[in-house]
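Below: the structure, in structure tokens.
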Amino acid sequence: MNTNDQRSLQGKRILLVIGGGIAAYKSLDLIRRLKERGAEVRVVMTQAAQEFITPLSAGAIAGGQVHVDLFDWRAEFDVGHIRLARDADLVVVAPATADLMAKMAGGHADDIASTVLLATDKPVLIAPAMNPHMWSHAATRRNLAQLVADGVAVVGPNAGEMAEPGEAGVGRMAEPLEIVASVEARLISRYQGAGLSGRRVLVTAGPTQEPIDPVRYIANRSSGKQGFAIARAAAAAGADVTLVTGPVALADPPGVTVVKVESAREMLAEAERALPVDVAVFAAAVADWRVAAPGAQKLKKGTSGTPKLDLIENPDILATVAHRKSMRPALVIGFAAETENVIENARAKLDRKGCDWIVANDVSPGSEVMGGDRNSVHLVSRDGVESWPREDKQIVADKLIARIAAALAAAAK
Ligand code: C5P
């Protein structure tokens, strides 16, 4: 499953779309890395990409024809762009230039790259690469948010030196091996089909929004990515999954019953409605407090000074479910986002909340867990602590699901 597993992508079909940026040279290495792991790689290049590398070199490494022209009758006769778009397990766009991202977000189809990206029914992973100013531009932010909402996965970009002298910042394409790890995380579910079939799993994810008045709310920065990855992994392992999520910009995972809520109290009600389940994983970042008496009308700036918000504590969803006398799930798992004494605090939380396991992660400044794609966690149970390496959130989810499947199987013996 990791990059040392040399045949990890055996039999997987990847369509690589190469955009026109200086990082295109790294795509040649990416093709090589994917192929050495057993993947079959088909390549599409934009017109601009051919200014940086040639179809000949990409084709030589990929071991096949490179598709560059939407109206090439020979290529159409051979494969056809619609089949190209569909006959893949994953579409990877690397480098994903600002222009290509804009085209994808807008649904354009005026060349072979944008056409296959619009025609595909397969998951898409993009590795953006551009100048830091272009990356931080409002238009790119908007396009990125749209792509993420459409279910596109993103790897990178990284911070560092740019091709232009004196330009540094976020915009460098992720390294080929990082892209490979992300491909593996998306394509390999080691527990496909068997581990949790016949089991019911509840997952909570995302932030909650607690109303202040009809237009304002209290919330937090949770992206929901880890919870969604867990729901996806549980479904891939054959479970019947209900995902109760606060407001996030993520596409619904396939094969999962998704229940959308806003406040903590709604999340609790929907989590309880999903019972009975075998396993409950509480990955949501639930607001600890809500406004005691949210305004029925929008609070106005007035003469009586700044408004005072009286806060009252929200129900603890995890503790409520873990302490239930009836319909307590066999395995109740909480998360702990800590900035210090991560493991000690997680141990204390295990007892306080009455759960079986805590997945503890370090969210101190610089850890880039919140909103990022990678997570480094400790699995804390009453039997001890296991620390896992920093990995893609989908790999963390896959591992957790494997552990859950093993624990349920052991308990059934
Ligand atoms: O106490 P703390 O917020 O750190 O606990 C985190 C864990 O508790 C997470 O699993 C979170 O989903 C859960 N939680 C909850 N309801 C709350 C607060 C936290 O389910 N009101």
Taking H placed 1.01 Å from N in the peptide plane, check which residues at least 5 places from residue 96 or on another chain put their amide H under 5 Å from its amide H. 127, 129
Around residue 279, with a cut-off of 10 angstrom between Cβ atoms, what is the net charge of the other residues, counting Lys and Arg +1 and Asp and Glu -1? 0
If I model a spin label at residue 54 and residue 343 as a point 7 Å from the Cα along the Cα→Cβ vector, what separation in nanometres do I get? 5.6
Hey, how many Å between the Cα centroid of the range 319-348 and the Cα centroid of the range 84-110? 41
Most positive-pole-ward Cα, 388, 49, 63, against dipole of the chain from beta carbon charges: 388
Kirkwood hydrodynamic radius, the range 213-329, all distinct C-alpha pairs: what's the number in Å? 16.0
Extension length gain for residue 352 and residue 298 (0.36 nm per residue less Cα distance), in nm, is 15.7 nm
Multiply the residue gap between residue 121 and residue 390 by 0.36 nm, knock off their C-alpha separation, and tell me the result in nm, one decimal place. 93.8 nm
Select from the range 1-66 those trypsin sites (Lys or Arg not before Pro) which occupy a DSSP coil region and have at most 16 other Cβ atoms within 10 Å, ordered by residue number. 7
Would you list which lysines come within 17 Å of residue 393, measuring only between C-alpha atoms, while excluding same-chain residues fewer than 8 positions from it? 225
In vacuum, with every alpha carbon of the range 13-187 counted as one equal point scatterer, what does the Debye formula give for log10 I(q)/I(0) at q = 0.10, 0.14 Å⁻¹? Two decimals, please. -0.33, -0.66
Once the other residues with Cβ under 15 Å from the Cβ of residue 215 are scored (Lys, Arg +1; Asp, Glu -1), what is the net sum? +1
Can you pull out the trypsin sites (Lys or Arg not before Pro) in the range 211-313 that DSSP calls coil and that have at most 10 other Cβ atoms within 10 Å? 221, 298, 300, 301, 308
Listed by chain and number, the residues whose amide H is under 5 Å from that of residue 239, excluding neighbours fewer than 5 places away on the same chain and using placed H, are 196
Return a whole-number percent for the relative contact order of the chain, with Cα pairs under 8 Å and 6 or more residues apart as the contact set. 12
Between residue 262 and residue 82, what FRET efficiency comes out of the Förster formula 1/(1 + (r/R0)^6) with R0 = 35 Å and r the beta carbon distance, rounded to 0.05? 0.30
Write down, largest first, the equivalent ellipsoid semi-axes of the range 273-393 in whole Å, where each equals the square root of 5 times an eigenvalue of the alpha-carbon gyration tensor. 32, 21, 13
Percentage of Cα-Cα pair distances in the range 16-102 greater than 20 Å, rounded to whole percent? 29
As a Kirkwood estimate from alpha-carbon pairs, the chain has a hydrodynamic radius in angstrom of 23.0
In whole Å, how far is the Cα centre of the range 32-71 from that of the range 255-283? 44
Under the Debye formula (equal points on every Cα, no solvent term), log10 I(q)/I(0) of the range 200-412 at q = 0.08, 0.11, 0.12, 0.19 Å⁻¹: -0.28, -0.52, -0.61, -1.46
Nearest 10 degrees is fine. How inclined is helix 264-273 to the longest principal axis of the chain, computing both from alpha carbons? 90
Report the one residue of 21, 259, 147 whose Cα lies farthest in the direction of the positive end of the charge dipole of the chain (charges on C-beta: Lys and Arg +1, Asp and Glu -1; origin at the Cα centre). 259
With n ≥ 4 as the cut-off for DSSP H runs, can you work out [θ] at 222 nm for the chain, using -39500 (n - 2.57) per run divided by the number of residues, rounded to the nearest 500? -10000 deg cm²/dmol
Working out 0.36 nm times the residue gap between residue 219 and residue 376, then minus their Cα-Cα distance, what length gain in nm do you get to one decimal? 54.1 nm
To the nearest 10 degrees, how steeply does helix 342-353 sit against the main Cα axis of the chain, on a 0 to 90 scale? 50
Given charges at beta-carbon only (K, R positive; D, E negative), |dipole| of the range 13-187 in Debye: 360
Hey, which lysines would be in cross-link range of residue 353, C-alpha to C-alpha under 22 Å, not counting anything within fewer than 8 residues on its own chain? 325
What nm distance separates the two modelled labels at residue 269 and residue 310, each placed 7 Å from Cα along Cα→Cβ? 2.2
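Readers should treat all values here as calculations from the given coordinates under stated rules, not as data from a laboratory. Bear in mind that the values here come from a model prediction, so they are computed numbers and not experimental data. Positions of Cβ are generated from backbone atoms using ideal geometry, with glycine treated the same way; all protein chains shown enter the neighbour counts.
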